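The values are calculated or read from the model by the stated rules, or taken from the named source; none is laboratory data. The structure presented is a predicted model; accordingly, all values stated were derived computationally and were not measured. Neighbour counts run over all protein chains shown; Cβ positions are idealised from the backbone, glycine included. Heads up: the accessible areas ignore ligands, DNA and RNA and are worked out on the full protein's heavy atoms, side chains in. Shrake-Rupley method; radii C 1.70, N 1.55, O 1.52, S 1.80 Å.
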Amino acid sequence: TDSSRRDAPGSAIPLSSRPATVAPHAHAPASAMPETAEIPPIPLPQRELSQPTERGLRRLYGKGDEVQPLYDPDVDPTATRLQKVQHEVTKRLPVLTWMPKYSLKDLKGDVVGGLTVSVVLIPQAIAYALLVDLPPVYGLYTSLMPLLTYPFFGTSRQLCIGPFALISLVVASVVGDILPDASPEEYINGVLLVSVLAGLIQVLMGVLGLGMISSFLADSSISGFTTAVALIIMASQLKYLFGTDIPRGNLPITLYRGFEALFTNNVNWWAVLVTGSAFVLMYTMKELGRKFCKKIPLFEQLVAVVFFTGLAAGVDLKVDVIGEIPSGLPVPYAPSFPSTVALWGAFLQGAAVIAFTSYLVTMSIVRIFAAKHGYPVDANQELIALGASNVVGGLFRAYPSSGSFSRSAIASSLGASTPTHSAIQAFVIGAVLLVLTPLFRTLPFGVLAAIIFAALQSLVNFSRAKQLWKSSRPDFVLWMVGFLATAIFGVQYGLIISLIASLGLLIMRSSRPRTVVLGRLPGSDIYRDVERYPTAERKPHVLIFRFDAPLHFANAEFFASAVRMALRRMVKDGDDPTHVVIDCSSIHTIDASAHSVLAALVKELHGDDIAVLLVSTRAPFRQSMANFGSYDGLIGENNMFLSIKDAVESGCTVPRQDPIPRPVPNAEEERELSVSASAADAGGVAEQQQPVPADPEQAHSAAPSDAIAGPVGSLAYHRSVRRRSGETGGDLDDETFGAQLDSVVVRGNDERDDLPSRGHDGADMPTARR
């Protein structure tokens, strides 16, 4: 805005009154103008509410409840069909967004990260296959095709998927319960079938937008669940630690059988020696690396595998070894389907458990590294990526996979910046399958058990339970429920019970939220809980009540009961109520059931000649009340106040007022009312020292005939813009619209959800013009 426009009477007032910098003209010499020129703030005309109610606010500023939705590129009405197709393709194939920008710097970080993670992945893949009761080569198969599939669909840049201990145990539990007496071939077919089914379920969940389902399992439940699962996995490795057969059961039974074998001396002490030595070696190297070599991993797991494999090849250690591992890449395999309806139901139920658990683990890792590196992720797309990886993997002899936090942390620390590092890991695993598998023939099972013991240390988290006991007893109960249910009933039922417990706590907290009776702090206009602030002053005959939750069918009766109880306490204390002030700042929505309860409560209080005043109402709440017919017929704008102070000082000093319905003006009256609102702001610089007329009729007469009516976001505003575009012979272009918008001062309702940043055609406006 130049000085000539700013000083001219009736000229445009800048949208911002903050000091700004005026750049010198492009053709002016440098010495002709100062480097910067401060624009002094222009005082804006002040508005005065005739009433501190929603009625007074609407009369001064116009309508504010009808707003345009926020801009969504997925439903952009201006996009062409080709643009929509391109947007959908890039959304479903994120590789198309980062691959064109791929650089040599990205390649360096991905190569270093991928090669380093591969060294860690090889021994873990072989070890985790034992948890599923599969031959070790299937762990390598699970580290191949899923890692080649995920980069095309995933939105995480550091995630490393593949075999993971927790998911391996879940798969073994599911398939073992479905096929308890199956032959090795039937068991392998069941594992591959459940991998394909779990992947299809995940893809379907992603397409249906169910990525938010992981939010319904509380962190405390997850912590208790994973702690129990880690102990179950460790207990399942006692047979390799003791070198004897220990049948699998729940955690207490497996531990009992292990100690029974120990005390009856049914133990191979050579296996104990090898397993213990491997664990001590890896633990020592890991601690030394933390202290003296933080930036370069020491690959303690690979060192243990190489050392004890060579030792077992040269010396007879009298322990079991894994034997021959087939060489070559996996060939495609189509799992055979169940033969009965009962088996179909069992496989689908187990696949759903695996799909949910795998996604839960993976998404928690994805969010950690997305927050660390500062990029967005799409939960639904992650479901699709993980599901596609499991489907493709199942068709190439891979059991269900998920993300691994330890391997992802290594990739992140070494500079991996795109999912390309996963493909590099897959190429390394492919080379191992083609060339190096004969070298693992003498690898002892005890070393793989030691790798599992070392990898699962971080999952055993009893300190979390201690912390929850001190900070939140309900969350401690969730932790205990998740832990005990999983330890006693197994992984499947433990997960289901944990989810039910989390939902139960959510329902309980939602249906019984906090209710507060407020009082004014002495010497201020601040209102606080009278129980927390005993010095807070309560106005005689007035109940100020706050409900700290949205109002819906599950808590509506509790809300009404809490109000009645507070009124009974007032009567018991000898204070007959005449007004009830309800602070609605937390009630942003209301459904039909809750509205019925609220309407019955208001009618009941009106029958006792008690006025009901609403304070700080949200626009969605007011719109719902209008839709239900209670906005004008039961409450009225004249009984909706902007603050508790306004309600106490204005509404509680008069007897109960009947609701005054909003007028329904015709088109001309609506235009005049809207123009009066803009005229109060856009009176021009020459008239800014004059007070704004309190009477709307005076504002009507002072309003310019061509002003854009109403505040931004109001119905009158959009109608006036469309009307003026019609007067000019068509839709306003961007420059014309911006110039006309500069001709008024836009000061809308200060409630944020009533102020869209949209143009009249639904598109985003430039920031400066907004």
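Test Val137 against the criterion of being open to solvent by less than 10 Å² (accessible area, probe 1.4 Å) and either under 28 Å from Gly224 (Cβ atoms) or touching a His at 6+ places or on another chain (Cβ under 6 Å) (or both), and give yes or no. When the stated conditions are applied, Val137 does not pass them. Filtered by the rule that a residue be open to solvent by less than 20 Å² (accessible area, probe 1.4 Å) and free of Cβ contacts under 8 Å to residues at least 40 places away in the same chain, region 191-244 gives a lone residue, Ala235. Beta carbons closer than 8 Å, at least 6 apart along the sequence or on distinct chains, pair a first residue in region 448-461 that is assigned to a helix (DSSP H, G or I) with a second that is surrounded by fewer than 19 Cβ atoms within 10 Å (Cβ to Cβ) for Ala450/Gly276; Ala454/Tyr283; Ala454/Lys286; Ala455/Ser406; Ser458/Ser406.
Which one of these is at pLDDT 90 or above and part of a helix (DSSP H, G or I): Gly328, Gly350? Show your work before the answer.
Details: Gly328 fails: part of a helix (DSSP H, G or I).
Just a single option satisfies the conditions, and that option is Gly350.
Within region 268-281, residues that are closer than 15 Å to Thr244 by Cα and in contact (Cβ under 8 Å) with a residue 12 or more places away in the chain have Cβ atoms under 9 Å from residues that are open to solvent by 50 Å² or more (accessible area, probe 1.4 Å) and of a type outside the set (Val, Ile, Thr) in these pairs: Asn268/Lys318; Asn268/Asp320; Trp270/Lys318; Ala271/Lys318; Ala271/Asp320; Val274/Leu311, counting only partners at least 6 apart in sequence or on another chain. Of the residues making up region 552-573, those that are part of a loop (DSSP other than H, G, I, E, B) and within 18 Å of Leu614 (Cβ to Cβ) are His552, Asn555.
Across region 576-621, the qualifying residues are those that are open to solvent by 10 Å² or more (accessible area, probe 1.4 Å) and polar (S, T, N, Q), and the one among them that is modelled with the lowest pLDDT is Thr589.
Is it true that Ala549 is open to solvent by less than 50 Å² (accessible area, probe 1.4 Å), under 28 Å from Arg656 (Cα atoms), outside any helix (DSSP H, G or I) and in contact with a helix residue (DSSP H, G or I) (Cβ under 7 Å, 6 or more places away or on another chain)? Taking the combined requirement at face value, the residue satisfies it. Filtering region 481-494 to residues that are open to solvent by less than 60 Å² (accessible area, probe 1.4 Å) and assigned to a helix (DSSP H, G or I) leaves Val481, Gly482, Phe483, Ala485, Thr486, Ala487, Val491, Gln492, Gly494. For region 179-186, the condition holds for no residue, the condition being that it is touching a residue at least 40 places away in the same chain (Cβ under 8 Å) and open to solvent by 20 Å² or more (accessible area, probe 1.4 Å).
Pairing residues of region 384-399 that are among the basic types (Lys, Arg) with residues that are open to solvent by less than 30 Å² (accessible area, probe 1.4 Å), at Cβ distances under 7 Å and at least 6 apart in sequence or on separate chains, gives Arg397/Tyr138; Arg397/Tyr141; Arg397/Leu192; Arg397/Pro330.
For Ile384, the criteria (1) more than 22 Å from the chain's Cα centre (by Cα); (2) assigned to a helix (DSSP H, G or I) hold in every case but one, which is (1). The set of residues in region 646-681 being modelled with pLDDT of 85 or more and either more than 30 Å from Ala592 (Cα to Cα) or open to solvent by 70 Å² or more (accessible area, probe 1.4 Å) (or both) consists of Glu649, Ser650, Thr653, Val654, Pro655, Arg656, Gln657, Asp658.
Restricting attention to region 622-634, the residues that are open to solvent by less than 50 Å² (accessible area, probe 1.4 Å) and under 30 Å from the mean Cα position of the chain (by Cα) add up to 3. Consider Gln698 carefully, then state whether it is open to solvent by 40 Å² or more (accessible area, probe 1.4 Å) and at pLDDT below 55. Yes: the conditions hold for Gln698.
Would you check if there is a residue in region 532-542 being open to solvent by less than 30 Å² (accessible area, probe 1.4 Å), outside any strand (DSSP E or B), hydrophobic (A, V, I, L, M, F, W, C) and without any contact (Cβ under 8 Å) to a residue 24 or more places away in the chain? Scanning region 532-542, I find at least one residue that is open to solvent by less than 30 Å² (accessible area, probe 1.4 Å), outside any strand (DSSP E or B), hydrophobic (A, V, I, L, M, F, W, C) and without any contact (Cβ under 8 Å) to a residue 24 or more places away in the chain, so the answer is yes. Checking the conditions here, which among Tyr333, Tyr359, Tyr375 is among the aromatic types (Phe, Trp, Tyr) and either open to solvent by less than 10 Å² (accessible area, probe 1.4 Å) or in a helix (DSSP H, G or I) (or both)? So the residue among Tyr333, Tyr359, Tyr375 that is among the aromatic types (Phe, Trp, Tyr) and either open to solvent by less than 10 Å² (accessible area, probe 1.4 Å) or in a helix (DSSP H, G or I) (or both) is Tyr359. Among the conditions (1) closer than 22 Å to Gly154 by Cβ; (2) free of Cβ contacts under 8 Å to residues at least 24 places away in the same chain, Lys466 misses just one, which is (1).
The residues of region 298-311 that are modelled with pLDDT of 90 or more and under 24 Å from Ser143 (Cβ atoms), listed by number, are Val303, Ala304, Val305, Val306, Phe307, Phe308, Thr309, Gly310. You will find that of Ser471, Ser458, the residue that is under 24 Å from the mean Cα position of the chain (by Cα), open to solvent by 30 Å² or more (accessible area, probe 1.4 Å), farther than 30 Å from Leu348 by Cβ and of a type outside the set (A, V, I, L, M) is Ser471 and no other.
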